[in-house]
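The structure under discussion appears below in the form of structure tokens.
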Amino acid sequence: MTEETPDTPSLAPFFEAAQNAPMEPSGGLLERIEADALAMMPTPDAPVAVRHRGIFAQVLECVGGWPAVSGLVAATAAGVWIGASPSVLVPDGVAVLLWHEAGVVTSDALEPLSGFDGLLVEG
Amino acid sequence: MTVPLDAMNDLSDDALLVRYANGDSEAARALTARLTPRVFGHAYRLLGNRHDAEDVTQEAMMRLWKIAPEWRQGEAQVSTWLYRVTANLCIDRVRRKPAQSLDSIPDPEDGAQSVAEMLQNKARVGALHAALGALPDRQRQAVVLRHLEGLGNPEIARIMNIGPRAVESLIARGKRALAVVLAGRRKDLGYTDD
């Protein structure tokens, strides 16, 4: 097994002595390793622990997860914004209520068509 | 299903590891009995110290138990993987410890030999271990795998994750360095230059 070369003529007896030296692990080591093996052995049939989810996680799942929640939040924000600062083409609900109370409700205020639609109808 | 320990002798390391991963305690015992001496021998030859070699052996085997559920049968040899893990653990341990002098290397234990022979062999093995300890890590690993474990160059190349020519180079350089260190001790250790 050991090739003798001009550079290494003296190693064979050392390798031979090392190969023949007993190299047995102690009984204690074997016992420890076997104990480790049994302790770490996977148990495929072991029941998997059931994890209870919180109420928030359950609600999240009901509405369709985070993407659905982000859509809901965006729609809500848009609704609030439109309600708080309506464009001129959208009837102002708050003003309608106020004028109605003050008795100055005009037909325009209750006009189901928007101002732009009205222009189109009237030509 | 559990197979008796004797019947496990015909199974490959791979097959035993898969059985272990499926909860077969006899496979655990068979692997322990089969692989521990090999891992311990390799660690001992790299470290030259029984206590450290036992620690490394236990750690290497623990890593094997840990990886068992993910082991893919036929992809790699268990022994190749273990030699690699053992060598890496040994190298880590050697790097953490200060260098030892030749006299501080404990002699290996021996059994049924005459006292004179036993002492001489102890001295020879101790000297070789000390000289191996003075080599760079990769040279020591290659020389031990080739000349003490008896592995072929292709297997060593797989273990060390290098090419066969690099293995040859490491072994040649390692042996030259060993020859220089041990040359002065041949007469002390009972060898004659014939």
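The values are calculated or read from the model by the stated rules, or taken from the named source; none is laboratory data. Quick caveat, the model's predicted, so the values are computed rather than measured. Quick reminder, even Gly has a Cβ in these numbers, built from the backbone with ideal geometry, and neighbours come from all protein chains shown.
The table below lists the values:
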quantity: Filtered residue count, segment B:88-124, keeping only those that are more than 10 Å from chain A (Cβ to nearest Cβ), closer than 20 Å to A:L11 by Cα and either modelled with pLDDT of 80 or more or touching a helix residue (DSSP H, G or I) at 6+ places or on another chain (Cβ under 6 Å) (or both); calculated: 2
quantity: Residue within segment A:8-27 that is at pLDDT below 75 and over 48 Å from the mean Cα position of the chain (by Cα) present; calculated: yes
quantity: Residue in segment B:7-15 that is out of contact with any Ser or Thr (no Cβ under 9 Å at 6 or more places or on another chain), closer than 27 Å to B:R140 by Cα and buried (at least 16 other Cβ atoms within 10 Å of the Cβ) present; calculated: no
quantity: Filter result (more than 12 Å from chain A (Cβ to nearest Cβ) and either of a type in the set (A, V, I, L, M) or surrounded by fewer than 22 Cβ atoms within 10 Å (Cβ to Cβ) (or both)) within segment B:125-154; calculated: B:G133, B:A134, B:L135, B:P136, B:D137, B:R138, B:Q139, B:A142, B:P154
quantity: Output for segment B:13-54, where each listed residue is modelled with pLDDT under 90 and not in a helix (DSSP H, G or I); calculated: B:G48, B:N49
